[in-house]
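Right, one structure below, let's go through it.
The values are calculated or read from the model by the stated rules, or taken from the named source; none is laboratory data. Quick caveat: nothing in here was measured; it's all calculated off a predicted structure. Here the Cβ positions follow ideal geometry from the backbone for every residue, glycine too, while neighbour counts run over all protein chains shown.
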Amino acid sequence: MSSAATSLLPATASRSASLLRRIFSFPVAICSLLGVVAVCTVRGRFDDPDLWLHLRTGQIVFTTHHVPTADAFSFTTHHVATIPHEWLGQTLIFIAYRLGGYSGLMLWLCLAASAILIAGYALCSIYSGNAKVAFAGALLIWLFATIGFSIRPQMIGYFLLIVELLLVQFGRTRDRRWFFLLPPLFALWVNLHGSFSLGLTIAAILLASAFFSFEHGLLHALSWDGATRRAFAASLGLSVPALFLNPTGARLVFYPFHALGSMTVAGTAVSEWQPLVIGDPRALGLLGVLAAIILLIIVRRSPIFLHELFLIAAATYLALSHRRLLFAFGILVAPILCRLLADTWENYSAERDRPLPNAILIAFSLLVCWLAFPSRNNLVAQVAVNSPANAVNFIEQNHLTGPMLNDWVSGGYLIWAAPDHPVFIDGRGDPYDETGVTQQFGDWATLRTDPRILLDKYRISFCLLSRDAPMAFVLPLIPGWKLAYSDPGFVVFVHAQ
């Protein structure tokens, strides 16, 4: 063997050993644990009521290569114009179903939840400079993310929010060129989920804070240098026109702001859009996080930066206003808390890492994920418990026809499983708010009006309702209506013609 070839052997072996140490490192082991947390959290969350609407819309886009811009699922909206604000995310969900059925959808959810926690861990680690404390930050993100872990496009939106924060941190501390990944990020984001508007708001807060430099007690502001500030401003300037790279142009860009301003009825009816209540365990978590930040600032004399104060205020306001935005609260506040705690725990040292225990932990985590992943029978059972699957079978087998009145929660499943029966209402708020259907249905479902008025107006032939719905006890008392089907979760009433 030549001397040159011989000299290459130690170098190759050294590179291989270095690669193995990176693969079986402490941060990778932590990421594997977060994967276990994600899988164990979502394994029983397969049947989200909104899943089915996303699945049907994604199917339409995938099969027709056309993004629908009018409601085609309900007979009450009269094909009102709609904005396909999640069309790309819905298509990705359908592709997962097409490739793997229910198991493909569950794999999508496991991967999405894992990606959020792992990306959140990376953000907390980079922002705080402590890879050990960052694990607590990732668990904090998990706590608040449990409000929204489901097979919905919002999962991708919140992942992209973390990516945005990472890009800003890289651009500010490493290389300004990282900022110019923001325009393509927003061009993708706007087609996936309306949370791009939150991303723009956060970017604007960071840019505004970058102009200030002062120390007022424990409140500090560190201005960015002019070149970094200009690069960030330029990237945001390019991000705005990038938003218009979508099928409907300005309508899609302004949709999130329109929806928040117009969905007043749906917003009060849907629990996730309602204000946070103190009885929610996550509300106690929010108060605990805010208290911890205040105590760390006061007791340890740790400075708080201006942009952090703005982010905490914005995140808290959003979470208190709408329960579903607890998800964003965790993402925005966890890195700040980790920075305040960074010097309370010895940082990770690659030189003192122990690859073998890490490798064992990684292998164990992968095994647990594999064992925890639900079987197809388990997923079918989840659907049977939470959706009117058996009631739909009854409707089909008995050839029930005519206008159907269904309740809010079952509308999405009916759109997917019973496409020949247009729904009365479903989980979407805007088309029903704009046409007045939400108000009419709410008055009917809560007995604020004579129930016969709505039934006669739409010439309803049969009703599919949750078993515990108030109208399930009232309909049998109305002449001409009788119970035709009942199971532990749903009932079907028919009108005698």
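Applying the condition of being assigned to a strand (DSSP E or B) and either touching a Leu at 6+ places or on another chain (Cβ under 7 Å) or outside the structural domain of N393 (by TED's automatic domain parsing) (or both) to the stretch 468-493 and asking which residue is farthest from S74 (Cα to Cα) yields W481. Would you please name the residue that is farthest from the chain's Cα centre (by Cα), looking only at residues in the stretch 186-196 that are assigned to a helix (DSSP H, G or I) and crowded, with 20+ Cβ neighbours inside 10 Å? Checked the stretch 186-196; the qualifying residue farthest from the chain's Cα centre (by Cα) is F186. Those helices (runs of 4 or more DSSP H) of the stretch 273-341 in which at least 2 residues are assigned by TED's automatic domain parsing to the domain that holds T201 and of a type in the set (F, W, Y), considering only elements entirely within it, cover 306-321, 326-341. Mind listing whichever residues of the stretch 69-89 are in contact with a Pro (Cβ under 6 Å, 6 or more places away or on another chain) and either assigned to a helix (DSSP H, G or I) or aromatic (F, W, Y) (or both)? F75, G89 - these are the residues of the stretch 69-89 that are in contact with a Pro (Cβ under 6 Å, 6 or more places away or on another chain) and either assigned to a helix (DSSP H, G or I) or aromatic (F, W, Y) (or both). Across the stretch 452-466, a minimum of one residue is classified as more than 23 Å from D71 (Cα to Cα) and touching a residue at least 40 places away in the same chain (Cβ under 8 Å). Each residue in the stretch 197-220 was checked for being surrounded by fewer than 19 Cβ atoms within 10 Å (Cβ to Cβ), of a type in the set (A, V, I, L, M, F, W, C) and either in contact with an Asp or Glu (Cβ under 7 Å, 6 or more places away or on another chain) or not in a helix (DSSP H, G or I) (or both), and 5 pass. Is there a residue in the stretch 323-338 that is exposed (fewer than 13 other Cβ atoms within 10 Å of the Cβ) and at pLDDT below 95? For the stretch 323-338, residues exposed (fewer than 13 other Cβ atoms within 10 Å of the Cβ) and at pLDDT below 95: absent. Would the stretch 399-407 turn up any residue that is farther than 23 Å from P49 by Cα, exposed (fewer than 15 other Cβ atoms within 10 Å of the Cβ), in the same structural domain as F490 (by TED's automatic domain parsing) and without any contact (Cβ under 8 Å) to a residue 40 or more places away in the chain? Scanning the stretch 399-407, I find at least one residue that is farther than 23 Å from P49 by Cα, exposed (fewer than 15 other Cβ atoms within 10 Å of the Cβ), in the same structural domain as F490 (by TED's automatic domain parsing) and without any contact (Cβ under 8 Å) to a residue 40 or more places away in the chain, so the answer is yes. Can you tell me which residues in the stretch 443-467 are more than 18 Å from V392 (Cα to Cα) and in a loop (DSSP other than H, G, I, E, B)? The answer is T446, L447, R448, T449, D450, Y458, R459.
For the stretch 388-409, which positions are under 22 Å from T76 (Cα atoms) and within 34 Å of the chain's Cα centre (by Cα)?
Selection gives P388, A391, V392, I395, E396, P403, M404, L405, N406, D407, W408, V409.
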